Amino acid sequence: MKPIQNELNKKMDAQFQERFQSIQQELLADPQIQKFVQENKEITSEIIEKGLGKLYEFKNQQHDCAECPSVKECVNTIGGFVPKLSLTRGLIDIEYSPCQQKLVEDERRKTENMISSMHMPKDVLKATLDDIRIYSEERSDLAEKARAFVEEVKTTGELPRKGFYLYGDFGVGKSFLLGAIANELATLKVATVLVYVPEFLRELKNAIGTPKLEEKFEFAKKAPVLMLDDMGAESLTAWTRDEILGSILHYRMAEQLPTFISSNLDYDGLEASISKTNKGEYDPVKAKRIMERIKAITEPIFLKGFNLRDFN
């Protein structure tokens, strides 16, 4: 019985050696492994034998992410990372570095994180200046003003003191333009807070008596770039006008922080609107004071056009 077992062992050893040699030859035929061996002249056959496991791991992973749809679907050992062979203390090892797809997705996430939104539509948050519909000279000029604002940040590294006061009819693209500017600034690592004013004020009123009130108020007030969308659409109380909007605008004027505002009303129309509270109280002095702050931190731009929502 023993001689038969010995023969079987010899046969198994021979098959193993044959398979081992086949795998080794297959690995060494890989162009990237060949290049690695050629670049590291000190690699011996013994080092290769000890490192076959690493070479096998390397060969059976993706090295080019051109056809990879996303990091989530990555088939590599460490998702989103590509392997690179290295020689450390006489042993073959693998180092992992982020693939191109991961770099793109990480950069996209960083960009998205530079924009904080309060109740803004999703299409606005994805807008870019290239998406703006240009069908008139006025809209072309406005797009150029927006690009100039972004370009100034890019070339000087500093934020301009004034933003835009965009006013015009419903649906002409005021909110969309705000989102486009915010996204362009995000690519420059400039954080922007976009706020839909009616919901923001409603949220603050609901937060009275809680720590959330001060937190949300300070977050908007001190944003590097603040965008107040649809001002004048809300019915103000004396508190939301004077203590919230008034305080935010005063702080931003004093600190010279750029502020963008969109409204269906021009300066005069907004002043008339905020001079009255939802209780019918009339205070033109406080309204004028707020308008002086708005005029100090914005450039008025009339956005002319047709209602784009009718074409969606």
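The values are calculated or read from the model by the stated rules, or taken from the named source; none is laboratory data. Note that the coordinates shown come from a computational prediction; the quantities given were computed from them, not determined experimentally. Quick reminder, even Gly has a Cβ in these numbers, built from the backbone with ideal geometry, and neighbours come from all protein chains shown. Side chains included, ligands, DNA and RNA excluded: accessible areas come from the protein's heavy atoms. Shrake-Rupley method; radii C 1.70, N 1.55, O 1.52, S 1.80 Å.
Here are some notes:
- Criterion: at pLDDT below 80 and among the aromatic types (Phe, Trp, Tyr) - qualifying residue of Phe20, Phe36: Phe20
- Selected residue (criterion: farthest from Leu177 (Cα to Cα)) from residues of region 214-237 that are open to solvent by less than 40 Å² (accessible area, probe 1.4 Å) and either of a type in the set (Val, Ile, Thr) or free of Cβ contacts under 8 Å to residues at least 12 places away in the same chain (or both): Thr237
- Test: residue in region 182-191 that is out of contact with any His (no Cβ under 7 Å at 6 or more places or on another chain), β-branched (Val, Ile, Thr), free of Cβ contacts under 8 Å to residues at least 40 places away in the same chain and not in a helix (DSSP H, G or I): no
- Residue satisfying all of: in region 71-87; touching a helix residue (DSSP H, G or I) at 6+ places or on another chain (Cβ under 9 Å), part of a loop (DSSP other than H, G, I, E, B) and open to solvent by 20 Å² or more (accessible area, probe 1.4 Å); nearest to Asn40 (Cα to Cα) among these: Thr77
- Taken over region 259-268, the criterion of being in contact (Cβ under 8 Å) with a residue 40 or more places away in the chain and surrounded by fewer than 16 Cβ atoms within 10 Å (Cβ to Cβ) is satisfied by Asp266, Tyr267.
- Restricted to region 1-17, and to residues there that are open to solvent by 100 Å² or more (accessible area, probe 1.4 Å) and not aliphatic (A, V, I, L, M), the residue that is modelled with the highest pLDDT is Gln15.
- Within region 118-130, being open to solvent by 80 Å² or more (accessible area, probe 1.4 Å) and in a helix (DSSP H, G or I) holds for Lys122, Asp123, Asp130.
- Odd one out for Thr240, checked against (1) more than 29 Å from Val153 (Cβ to Cβ); (2) in a helix (DSSP H, G or I); (3) open to solvent by 10 Å² or more (accessible area, probe 1.4 Å): (3)
- Region 96-113 residues that are part of a helix (DSSP H, G or I), paired with ones that are exposed (fewer than 12 other Cβ atoms within 10 Å of the Cβ) and at pLDDT below 75 (beta carbon under 8 Å, 6 or more apart): Gln100/Ala66
- Those residues of region 162-176 which are open to solvent by less than 50 Å² (accessible area, probe 1.4 Å) and in a loop (DSSP other than H, G, I, E, B), in sequence order: Gly168, Gly171, Val172, Gly173
- Counting only residues that are open to solvent by less than 60 Å² (accessible area, probe 1.4 Å) and in contact (Cβ under 8 Å) with a residue 24 or more places away in the chain, region 29-62 holds 12 of them.
- The residues in region 134-161 that are outside any helix (DSSP H, G or I) and open to solvent by less than 100 Å² (accessible area, probe 1.4 Å) can be counted, and the count is 6.
- Every test in (1) within 26 Å of the chain's Cα centre (by Cα); (2) at pLDDT 90 or above is passed by Asp242 save one, and that test is (1).
- Any hit, region 258-271, residues being over 17 Å from Thr192 (Cα atoms), polar (S, T, N, Q) and in a loop (DSSP other than H, G, I, E, B): yes
- Residue in region 183-193 that is open to solvent by less than 10 Å² (accessible area, probe 1.4 Å), within 30 Å of Asp130 (Cβ to Cβ) and at pLDDT below 90 present: yes
- Cβ separations smaller than 7 Å between residues 6+ apart or across chains give the following pairs from region 242-258 residues that are on the phi < 0 side of the Ramachandran plot to residues that are of a type in the set (S, T, N, Q) and modelled with pLDDT of 95 or more: Arg252/Thr259.
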